[in-house]
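Structure first, then comments.
The values are calculated or read from the model by the stated rules, or taken from the named source; none is laboratory data. Quick caveat: nothing in here was measured; it's all calculated off a predicted structure. No Cβ is skipped: glycine too gets one built from the backbone with ideal geometry, and neighbour counts run over all protein chains shown.
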Amino acid sequence: MSKAPVRHPAALVAPAGLALLLLALPIVGLLQRAPWSSLIDRLTDETVLEAVRVSAVVSSSAAILCLILGLPLAWLLARVDLPGQRIVRAVVMLPMVLPPVVGGTALLFALGRRGLVGQWLDRWFDVTLPFTTAGAIIAATFVALPFFVTTVEGALRQNGTDLEEAAATAGATPLATFIHVTVPAARESVGAGLALAWARALGEFGATITFAGNLGGRTRTLPLQTFVALESDPASALAISVLLLSISLGVLVALRGSWLPR
Amino acid sequence: MTIRIDGTVSRDSFTLDLDVDIDVGRTAVIGPNGAGKTTLLRLIAGLEALERGTIHIGHRLVDDAGSVFVAAHERSTAVVFQDHRLFPQLRAIDNVSFPLRRQGIDRATAADRATVALQEVGMDEFAARRPSQLSGGQRQRVAIARALVAEPEVLLLDEPLASIDDESRSGIRHLLMAAPSPTVVWVSHDPADTLDAESLVSFADDRVRQTPRP
Amino acid sequence: MIKTGLIGAAVLVASACGSADSSSVIVLAASSTSDVLDEISQAAETTNPSLDLELVIAGSPSLIAQLESGVDADVLITADEATMDRAVASGRVNEAPVVIATNSLVVALAPGNPGDVTDLVDLTDPTLLIGACAVDVPCGALAIAAMDAAGLSLEPDTEELSVRALASKIQLGEIDAGLIYRTDAAALELETVNTPSTQRLDEHTNRYFLALIGESPTSQARSLVDLILTATGRRILSDDGFGLP
């Protein structure tokens, strides 16, 4: 049996094509201007390598923080009847739609040296987060966390509670159930959420520059380095952009290939 | 171990009023779909809570619709569900070890006891398989082994044969008949499953009737 | 009416959306002139009601990128000579640029001076949180030159990408002290250090250049330039803390 031939209405195909063009064209523009012959040289430049190191530390730490903090949060949203559930969910989603610069400013007001909580961190523990790698990690986690939480929460809801009930009647405490049953059953989504969160953390710019500042070897991640280089050495900026672009594409292709529904 | 339930819980469209005593031995719970049979089982297992009234398992108060609620994992009950509910990422042997491991029993001892339990349900040669590599009947056998391995005082069976093909059914029925738990509560819509039950709880017309078998 | 287009890296979007009707005067200007240009625009539109100014404020590199991409513009104001040189190199500037103002750096302090900064040398104290502009931004280059001249090496905790971002963080108290333009310190009413060592910062100035863009500048554009170069404009610039040439 073959499908009946379908006539595709131009009223849909044309805007769809335009949308695709809008998404693809900037990438083509970037690739067409990229300094291909000197790409390796530019990417192995000491300042760039330094930014690679900072980015690796910051994005991986942010992904791990997303796992440690985000898994329980996803569980809470999926399994517990919270008072003001809608508000809680909105708060969780907010960094996805908030301009990252606003997020960074908000972090400064909360965790900065004069911030709501930051002043006590500073006074009692002598901990100052802005302008440190830890600050960059927090900024990256702030923007990446919703990607992880929403991915995993969706999976937990879809998986339902049947297995958790089975675990409880088999003598597992709620915590043991979470560790031995809930999380393993959602492991593919946890992996997908981690990859998305990591990629978002890697690309983070606005919150980082606002909250953590910009210093080579400490807080200057690849996106910051790209922006700095755009002013002084555009070819280097393009080379880093190509690198970031290929990593992002790699993550998405890997997700499509193994985790997300095709 | 006797079970005493005296209380109410609301369902979607009606309130279930329960006044049920379950004695040691095998009790069949029958009635049409949606009458509340499974709810009764879930109340005993600790998967649902009463809105009013009390539940005792043995002499222990496990639910008083208020301050007392003993969680499912702290009750001396085990459940075989209609759908096996095996943990998909675990091998058969690890599924069966699961209740023992949660009691803090070491890995080797748990594995030995799980192996014995698998032998008893005729599944020892499939110990290393994951649920996805087993047939429906085989999965239910593993699920029975998982329910029995920790030697529960009360075994709760929620339509354990409903999803099993005819070929495997009698074998699994025999296994359940031979279950060593002192108290067995067997929910079924099929009277054939409950032929030799010692007492009967029947749900009909929104009322629960209790009849000891002669 | 004053239309202000704020532009970061989104040069493309800005140039796509920034095309105004032909009668308005489009001014591309460096970030640090934002406040003073607002005041000058008001003054200009008061004296000449038919004047319709559109301000496009951006960092110097973005200004050049826009100019090179052929964006509509009548007047360009840059925060340093190097940026204006690049504009001239782009071929869109036909008359010699003129210096309209100068700016110099000051040591600006967080409210209450929590770092107890009293001298230029305190900027090298590793226990303090010190901010500077990135070296690729005019105020960053100026800071390095000034510190070099004083025989000090600046090792900031952050190299901010714009002087305003740096100034805001000082104002918030997140940074103990930083080198920012006198005009920004004045606009945010920040405390500054005033000692012989910091007075030597005045020897290092950025010069603000103005140029008319295009083959035949409009009379409207010329009247704006006249206003900036004559008494009214000079007074406003001076009031905002700019030095005059």
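The residues on offer are A:Gly203, A:Gly250, A:Gly216, and the sole one that is more than 11 Å from every other protein chain (Cβ to nearest Cβ) and farther than 21 Å from A:Met96 by Cβ is A:Gly250.
Please go through segment A:181-198 and pick out each residue that is facing chain B (nearest Cβ under 8 Å) and either over 30 Å from A:Ala56 (Cα atoms) or of a type in the set (Phe, Trp, Tyr) (or both). It would help to see each step written out before you state the result.
In the first step, residues of segment A:181-198 are kept if they are facing chain B (nearest Cβ under 8 Å); the result is A:181, A:184-185, A:187.
Scanning segment A:181-198 gives a single hit, A:Val181.
Would you confirm whether or not segment B:149-172 contains a residue that is crowded, with 23+ Cβ neighbours inside 10 Å, farther than 17 Å from B:Leu41 by Cβ and among the charged types (D, E, K, R)? Scanning segment B:149-172 turns up no residue that is crowded, with 23+ Cβ neighbours inside 10 Å, farther than 17 Å from B:Leu41 by Cβ and among the charged types (D, E, K, R).
Quick one: which of A:Ala155, A:Ala136 is buried (at least 24 other Cβ atoms within 10 Å of the Cβ) and of a type in the set (A, V, I, L, M, F, W, C)? Show your work before the answer.
Working: A:Ala155 fails: buried (at least 24 other Cβ atoms within 10 Å of the Cβ).
Of A:Ala155, A:Ala136, the one residue that is buried (at least 24 other Cβ atoms within 10 Å of the Cβ) and of a type in the set (A, V, I, L, M, F, W, C) is A:Ala136.
Of the residues that make up segment A:167-178, is at least one touching a residue at least 24 places away in the same chain (Cβ under 8 Å) and under 30 Å from B:Phe98 (Cβ atoms)? Spell out how you get there, then give the answer.
Our first condition is that a residue be touching a residue at least 24 places away in the same chain (Cβ under 8 Å); within segment A:167-178, this holds for A:178.
When the remaining residues are screened for being under 30 Å from B:Phe98 (Cβ atoms), the result is A:178.
Yes.
What number of residues within segment A:36-84 are of a type outside the set (Val, Ile, Thr) and more than 25 Å from the chain's Cα centre (by Cα)? Break it down stepwise before answering.
As a first pass, look at segment A:36-84 and keep what is of a type outside the set (Val, Ile, Thr): A:36-39, A:41-43, A:45-46, A:49-51, A:53, A:55-56, A:59-63, A:65-67, A:69-79, A:81-84.
Within this subset, residues satisfying the condition of being more than 25 Å from the chain's Cα centre (by Cα) are A:36-39, A:41-42, A:45-46, A:81-84.
Residues that pass the stated criteria total 12.
If I ask for residues that are within 14 Å of chain A (Cβ to nearest Cβ) and either surrounded by 18 or more Cβ atoms within 10 Å (Cβ to Cβ) or of a type in the set (A, V, I, L, M, F, W, C) (or both), which ones from segment C:23-75 would you list? Matches in segment C:23-75: C:Ala30, C:Ser31, C:Ala58, C:Gly59, C:Ser60, C:Pro61, C:Ser62, C:Leu63, C:Ile64, C:Ala65, C:Gln66. Restricting attention to segment C:142-163, the residues that are of a type outside the set (S, T, N, Q), more than 10 Å from chain A (Cβ to nearest Cβ) and touching a residue at least 24 places away in the same chain (Cβ under 8 Å) add up to 10.
Scanning for something small (Gly, Ala, Ser), under 18 Å from A:Gly193 (Cα atoms) and in contact (Cβ under 8 Å) with a residue 60 or more places away in the chain, does segment A:127-136 turn up at least one residue?
So in segment A:127-136, the residues small (Gly, Ala, Ser) come out as A:134-136.
The next check asks that each one be under 18 Å from A:Gly193 (Cα atoms); those that pass are none.
No: segment A:127-136 contains no residue that is small (Gly, Ala, Ser), under 18 Å from A:Gly193 (Cα atoms) and in contact (Cβ under 8 Å) with a residue 60 or more places away in the chain.
With respect to (1) surrounded by fewer than 21 Cβ atoms within 10 Å (Cβ to Cβ); (2) assigned to a loop (DSSP other than H, G, I, E, B); (3) more than 13 Å from chain A (Cβ to nearest Cβ), the lone exception for C:Val117 is condition (1). The residues of segment C:165-193 that are on the phi < 0 side of the Ramachandran plot, within 14 Å of chain A (Cβ to nearest Cβ) and not acidic (Asp, Glu), listed by number, are C:Ala165, C:Leu166, C:Ala167, C:Ser168, C:Lys169, C:Ile170, C:Gln171, C:Leu172, C:Ile175, C:Ala177, C:Gly178.
Just the residues that are within 30 Å of B:Ala78 (Cα to Cα) and away from chain B (no Cβ under 14 Å), please, taken from segment A:133-164.
At the first step, the residues of segment A:133-164 found to be within 30 Å of B:Ala78 (Cα to Cα) are A:152-164.
Residues satisfying the conditions are A:Val152, A:Glu153, A:Gly154, A:Leu156, A:Arg157.
Looking only at residues in segment B:78-105 that are more than 9 Å from chain A (Cβ to nearest Cβ) and assigned to a loop (DSSP other than H, G, I, E, B), the one that is nearest to B:Ile172 (Cα to Cα) is B:Gln82.
Look at segment B:17-37: where a residue is among the polar types (S, T, N, Q) and at pLDDT below 90, no partner that is surrounded by fewer than 21 Cβ atoms within 10 Å (Cβ to Cβ) and not in a loop (DSSP other than H, G, I, E, B) sits 6+ places away or on another chain with Cβ atoms under 9 Å. Here B:Thr27 fulfils each of the conditions (1) surrounded by fewer than 19 Cβ atoms within 10 Å (Cβ to Cβ); (2) away from chain A (no Cβ under 12 Å); (3) touching an Asp or Glu at 6+ places or on another chain (Cβ under 8 Å) apart from (1). Of all residues in segment B:137-170, those satisfying the criterion of being over 18 Å from the mean Cα position of the chain (by Cα) and touching a residue at least 24 places away in the same chain (Cβ under 8 Å) are B:Asp165, B:Glu167, B:Ser168. One residue stands out among those in segment B:21-38 that are in contact with a helix residue (DSSP H, G or I) (Cβ under 7 Å, 6 or more places away or on another chain) and not in a loop (DSSP other than H, G, I, E, B): the one that is nearest to B:Gly53 (Cα to Cα), which is B:Val29.
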